[in-house]
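What follows is one structure encoded as structure tokens, with my remarks underneath.
The values are calculated or read from the model by the stated rules, or taken from the named source; none is laboratory data. This is a predicted model, so every value here is computed, not measured. Cβ sites come from the backbone with ideal geometry, for glycine too, and all protein chains shown count toward neighbours. Side chains included, ligands, DNA and RNA excluded: accessible areas come from the protein's heavy atoms. Shrake-Rupley method; radii C 1.70, N 1.55, O 1.52, S 1.80 Å.
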Amino acid sequence: MASKKIEKSLNDQVANEADSSQYYLAMASWAETQGLNGIAEFLYKHSDEERMHMLKLVRFINERGGHAIVPKLDQPPKTFNSIRTIFENLLTHEIRVTNEINGIVDQCLKEKDYTTHNFIQWFVSEQMEEEALARLILDKLNLIGDDKGGLYLFDRDIATLSVESVGAGGG
Ligand code: FEO
């Protein structure tokens, strides 16, 4: 059984993952209205992955005898300035999530909760890969600059990019 403090941190993380899912869903919907269907597809998929992360935490908390709390959701932004803004926001958001995950790791070590520590390692690797993917996308967007043709090709090719394609351990 995890301590109440760790259960609280895990529940906070449930809320963070739900928030990420909602945020990326808003990005996906906006990109779709801009005719950027490849980018929208990528973001819809990313939003689904965040929901899976949330479920992983919910199931773990309950399996350990705690009570996972389904959080209230905040309204994410409706519009975004540009595709670049979206991926900059995404990277900033993921860096924040990484820090929160690291906080849980730290707490597990302090409380000698090796079971939760072991469980949370999956998230540590996932964060490394997600950050690497966001940086890779921003590098590509930098190369494209204001070139509309480049954005067209990027929108077509982003469908093949995923956390898996960046490779374990990131780049
Ligand atoms: Fe669930 Fe994007 O980390």
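Taking the criterion of being open to solvent by 30 Å² or more (accessible area, probe 1.4 Å) and touching a Leu at 6+ places or on another chain (Cβ under 7 Å), the only residue of region 124-143 that qualifies is Arg135.
Under the condition of being in contact with a helix residue (DSSP H, G or I) (Cβ under 7 Å, 6 or more places away or on another chain) and under 30 Å from Leu10 (Cβ atoms), the residues counted in region 68-87 number 9.
Quick check on region 30-41. Is at least one of its residues in a helix (DSSP H, G or I), touching a helix residue (DSSP H, G or I) at 6+ places or on another chain (Cβ under 9 Å), within 16 Å of the ligand (Cβ to nearest atom) and open to solvent by 20 Å² or more (accessible area, probe 1.4 Å)? Don't jump to the end; show me each part of the working.
At the first step, the residues of region 30-41 found to be in a helix (DSSP H, G or I) are 30-33, 37-41.
With touching a helix residue (DSSP H, G or I) at 6+ places or on another chain (Cβ under 9 Å) added as a condition, the list becomes 30-33, 37-41.
Pick out the ones that are also within 16 Å of the ligand (Cβ to nearest atom) and you get none.
No - not one qualifying residue is present in region 30-41.
Candidates are the residues of region 50-69 that are touching a residue at least 40 places away in the same chain (Cβ under 8 Å) and closer than 12 Å to Asp19 by Cα; the one that is most open to solvent (accessible area, probe 1.4 Å) is Met54. For region 12-29, residues that are within 15 Å of the ligand (Cβ to nearest atom), surrounded by fewer than 19 Cβ atoms within 10 Å (Cβ to Cβ) and among the polar types (S, T, N, Q) total 1. Taking residues in region 27-44 that are free of Cβ contacts under 8 Å to residues at least 24 places away in the same chain and within 20 Å of Leu133 (Cβ to Cβ), and partners anywhere that are open to solvent by less than 30 Å² (accessible area, probe 1.4 Å) and not in a helix (DSSP H, G or I), not one pair has Cβ atoms closer than 9 Å while being at least 6 places apart or on different chains.
In region 107-123, which residues are within 18 Å of Ile61 (Cα to Cα), open to solvent by 30 Å² or more (accessible area, probe 1.4 Å) and not aliphatic (A, V, I, L, M)?
Gln107, Glu111, Lys112, Tyr114, Thr115, His117, Asn118, Phe119, Gln121, Trp122
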